[in-house]
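Worksheet: one structure, shown below.
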Amino acid sequence: MANSMYAIEVENLTKIYGKGETAVIAIADATFQVKPGELVAILGPSGSGKTTLLTSIGLINEPTHGKVIIDDTIVADEGWVSGIDLKQLRREKLGFIFQAHNLIPFLTALENVMIALEINRLSRREAKRRATELLISLNLGHRLNNYPTALSGGEAQRVAIARALANRPKVILADEPTAALDTENGKNVMDLLKKLAVENHSAILVVTHDRRMVEGFDRIFEVHDGRIAS
Amino acid sequence: MNLAIRDIRYHRGRFILTSIGLGLLLGVVMSMGGIYRGLFADALTILTITKADIWVVQQDTNGPFAENSRIPEDIKYRIKAVPGVALASPLSFQTIQIDRSDKPLRFFLIGFDLNGFGGPPVILAGRNIRRKHYEMVVAQGMKMEIGEKIRLGLHDYTVVGITGKVVSSSGDPAAFVTLADAQEIQFKKDNDAIRNDRQRIGANLSGMQTLSPAQANYLRQNIAGITESTHTVNTVVARLAPGANVHEVQERIRRWNHFRPISVEEQTKILTKGMIEKARMQLGLFRMVLLVISAVIISLIIYTSTLDKIKVIATLKLIGSRNRVIVGMILQQSLLMGVIAYGIGYLLILLTYERFPRRIVLEPFDLQLLFAIVMAICVIASFVGIRKALKVEPAEALGG
Ligand SMILES: Nc1ncnc2c1ncn2[C@@H]1O[C@H](COP(=O)(O)OP(=O)(O)O)[C@@H](O)[C@H]1O
Ligand SMILES: [Mg+2]
């Protein structure tokens, strides 16, 4: 029986790419839990399996073995649990932040946030109201109608954070969110994530290879060759 | 939020250019349909304006349009006497090309009986022909003015009236003269040729030892009468008395076995099936090729624009968009491109069709059918893009 104390639970998670001679064990036997409101860093060198871990929890990369439980729903148990709507879970429970902001180039800042709300069937008006509010709270009130190309790197990443937060997800997954930013903007983004974890009571999992970025995190998992140590 | 429209708005330059290009293609497709309908209308113009029920032509011919037909003018009396015929009138047709101010002027000369029918359908300016000789009514397409003269055969003809858009089955503008004038232009050889003929026949007759000089002279005069005879026409058209049955009247005329009575229905078939069927097939083939080209262009554009959006599509999938949203975006763009291109093509044709050298007839049915075909093409053309989009993995959104 799942324990409602945790937003994310991972048990003996293993991900193997390929088969036979060329098989790569990207994640080996990972077990951990993350509580709501907790800010966790996954730190490790390139190729150590950080993205694989994130995408397995993010329901876009099927685990080979082990269990993944998101907000009390068992989503993977030796592969995806059959009959589960991964897209719906991603819409409702997860928020993603990417290395490159991944904003949709032909939508304005406001529309980029609205789209995340509209795919969750919010009315246009409600989506607009909530997106505007969110962007203003992230100091982007003057950028609502700008296209991503007109935004600075830090601004674009803040819009992307607003999009990830829009549906008030239980879990936020960020893959190298500061990699495309300079140190100062990177620190600002991390500070923002810290603040949001507390305010929104979301579990936030941040992947990075940059040790300087993870100060003040609740926990730090270090990954080496697919093995996790905390 | 409509993603298709947002994307188009953002890339409007590219979208508009593509739509204009496609619009030109569709405009050509529309004009080809219009040309075919124009051919059809042209081919049937004279048939229509003559308002005859039966066209009597030479035995074993499909005259007078598709084939040559020559019959004596005086059979009009015999035709008129056939029970069921109310009116019969002879007509002569010939295509003439002359040089006018150093440019070739090609037209279709119709000779009609001033006391019969088959003359100009309307008079837009001036008057109808009144004198027996050397007056002419021309179609607008001749671009002549009242009072203008042209030389045909041995005489000058004066334009006295302008009629509407009357053209021959090959699209040449028509001109009307009296039957007698038309016969003279068509059949009377020029004076030199007549003199030559007379001398040749005279010499032959003088050489015949068995003829007395009086007999030779008598023969010479009669032969001259035949060689100079102009009393030949191409067709005699007949209108039926009220209540008369076309088939019965045709049967009565056919019984003499010297002439072929062609009903309007049959004449329509001869003109359309025989004369413009090839043009129809050719235009149809071109239209199909152009539509295939349009389909290829649309699918290429949609496919490349989908490739440009792989990351967008992956991101949308990752944040949980339903496939419907993504398929809808691509399909709507394709359809929108089709609608706009169709609109541009239509506008183009609407603005230019009167300036085409040949008549263009735009039938609403043809245009609606083309629209439906274009929409179907857009749906099919978007399949390659949609297939690609559906294969995109959400994980492709990650990374640089
Ligand atoms: N789709 C894949 N197919 C095969 N091997 C993969 C795939 N994705 C990642 N890998 C391999 O798995 C290992 C971990 O990769 P990744 O999770 O991307 O590491 P990180 O994000 O820490 O750089 C690497 O050896 C990588 O080459
Ligand atoms: Mg990575």
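The values are calculated or read from the model by the stated rules, or taken from the named source; none is laboratory data. Because the structure is predicted, anything quoted here is derived from the model rather than measured. Don't worry about glycine lacking a Cβ; one is built from the backbone with ideal geometry, like all the others, and counts go over all protein chains shown. Only protein heavy atoms, including side chains, enter the accessible area calculation; ligands, DNA and RNA are left aside. Shrake-Rupley method; radii C 1.70, N 1.55, O 1.52, S 1.80 Å.
Values as computed for the structure displayed
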item	result
Options A:Ser82, A:Ser123, A:Ser56, A:Ser48: the member that is of a type in the set (Ser, Thr, Tyr), more than 11 Å from every other protein chain (Cβ to nearest Cβ) and within 16 Å of ligand 2 (Cβ to nearest atom)	A:Ser48
Given (1) in contact with a strand residue (DSSP E or B) (Cβ under 6 Å, 6 or more places away or on another chain); (2) open to solvent by 10 Å² or more (accessible area, probe 1.4 Å), index of the condition B:Ala139 fails	(2)
Residue count, the range A:195-230 (criterion: away from ligand 1 (no atom under 16 Å from the Cβ) and buried (at least 17 other Cβ atoms within 10 Å of the Cβ))	7
Enumerated strands (runs of 3 or more DSSP E) restricted to the range B:15-125, each holding at least 3 residues that are closer than 24 Å to B:Gln267 by Cβ and of a type in the set (A, V, I, L, M)	B:54-58, B:85-100
Answer residue from the range B:343-384, given it is of a type in the set (Phe, Trp, Tyr) and surrounded by fewer than 15 Cβ atoms within 10 Å (Cβ to Cβ) and is modelled with the highest pLDDT among those	B:Phe365
Any hit, the range A:15-26, residues being buried (at least 21 other Cβ atoms within 10 Å of the Cβ) and either of a type in the set (Lys, Arg) or within 16 Å of ligand 2 (Cβ to nearest atom) (or both)	yes
Condition met for A:Thr149 (at pLDDT 95 or above and among the β-branched types (Val, Ile, Thr))	yes
Residue satisfying condition, being touching a residue at least 24 places away in the same chain (Cβ under 8 Å) and either within 14 Å of chain A (Cβ to nearest Cβ) or open to solvent by less than 10 Å² (accessible area, probe 1.4 Å) (or both), within set B:Ile340, B:Ile319, B:Ile330, B:Ile270	B:Ile330
Condition met for B:Leu398 (within 14 Å of chain A (Cβ to nearest Cβ), touching a Phe, Trp or Tyr at 6+ places or on another chain (Cβ under 8 Å) and open to solvent by less than 90 Å² (accessible area, probe 1.4 Å))	yes
Selected residue (criterion: farthest from the other protein chains (Cβ to nearest Cβ)) from residues of the range A:86-106 that are touching a Gly at 6+ places or on another chain (Cβ under 9 Å) and within 18 Å of A:Ala160 (Cβ to Cβ)	A:His101
Complete set of residues in the range B:284-316 that are open to solvent by 60 Å² or more (accessible area, probe 1.4 Å) and within 12 Å of chain A (Cβ to nearest Cβ)	B:Asp308, B:Lys311
The range A:159-187: number of residues that are surrounded by fewer than 17 Cβ atoms within 10 Å (Cβ to Cβ) and assigned to a helix (DSSP H, G or I)	3
Filter result (small (Gly, Ala, Ser), away from ligand 2 (no atom under 16 Å from the Cβ) and either more than 11 Å from A:Leu192 (Cβ to Cβ) or within 13 Å of chain B (Cβ to nearest Cβ) (or both)) within the range A:150-178	A:Ala150, A:Ser152, A:Gly153, A:Ala156, A:Ala160, A:Ala162, A:Ala164, A:Ala166
Counted residues, the range A:136-193 - those being within 16 Å of ligand 1 (Cβ to nearest atom) and closer than 19 Å to A:Val40 by Cα	7
Candidates A:Arg143, A:Arg125, A:Arg158, A:Arg121 - the one that is of a type in the set (D, E, K, R) and within 19 Å of A:Ile204 (Cα to Cα)	A:Arg158
Complete set of residues in the range A:207-221 that are within 15 Å of ligand 2 (Cβ to nearest atom) and either part of a strand (DSSP E or B) or within 14 Å of another protein chain (Cβ to nearest Cβ) (or both)	A:Val207, A:Thr208, A:His209, A:Phe221
Residues located in the range A:138-155, provided they are assigned to a loop (DSSP other than H, G, I, E, B) and within 13 Å of A:Leu107 (Cβ to Cβ)	A:Leu144, A:Asn145, A:Asn146, A:Tyr147, A:Leu151
The one condition in (1) within 16 Å of ligand 2 (Cβ to nearest atom); (2) in a loop (DSSP other than H, G, I, E, B) that A:Glu62 fails to fulfil	(1)
Test: residue in the range A:206-221 that is of a type in the set (A, V, I, L, M, F, W, C) and within 13 Å of the chain's Cα centre (by Cα)	yes
Positions within the range B:47-78 being touching a Leu at 6+ places or on another chain (Cβ under 9 Å) and either among the β-branched types (Val, Ile, Thr) or crowded, with 23+ Cβ neighbours inside 10 Å (or both), in sequence order	B:Thr50, B:Ala52, B:Ile54, B:Trp55, B:Pro64, B:Phe65
Close pairs from the range B:164-175: first more than 11 Å from B:Gln94 (Cα to Cα), partner surrounded by fewer than 20 Cβ atoms within 10 Å (Cβ to Cβ) and acidic (Asp, Glu), Cβ under 7 Å, at least 6 apart	none
Subset of the range A:85-110 (residues that are open to solvent by 20 Å² or more (accessible area, probe 1.4 Å), under 24 Å from A:Val189 (Cβ atoms) and part of a helix (DSSP H, G or I))	A:Lys93
Selected residue [open to solvent by 30 Å² or more (accessible area, probe 1.4 Å), modelled with pLDDT of 90 or more and at positive phi] from B:Gly153, B:Gly147	B:Gly147
Counted residues, the range B:17-60 - those being among the aliphatic types (A, V, I, L, M), touching a residue at least 60 places away in the same chain (Cβ under 8 Å) and over 30 Å from B:Arg252 (Cα atoms)	12
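Let's see how each residue does on (1) free of Cβ contacts under 8 Å to residues at least 24 places away in the same chain; (2) away from ligand 1 (no atom under 13 Å from the Cβ); (3) surrounded by 14 or more Cβ atoms within 10 Å (Cβ to Cβ):
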{"residue": "A:Val40", "(1), (2), (3)": "no, yes, yes"}
{"residue": "A:Gly44", "(1), (2), (3)": "no, no, yes"}
{"residue": "A:Thr51", "(1), (2), (3)": "no, no, yes"}
{"residue": "A:Leu54", "(1), (2), (3)": "no, no, yes"}
{"residue": "A:Asn61", "(1), (2), (3)": "no, no, yes"}
{"residue": "A:Val68", "(1), (2), (3)": "no, yes, yes"}
{"residue": "A:Asp72", "(1), (2), (3)": "no, yes, yes"}
{"residue": "A:Asp77", "(1), (2), (3)": "yes, yes, yes"}
{"residue": "A:Trp80", "(1), (2), (3)": "yes, yes, yes"}
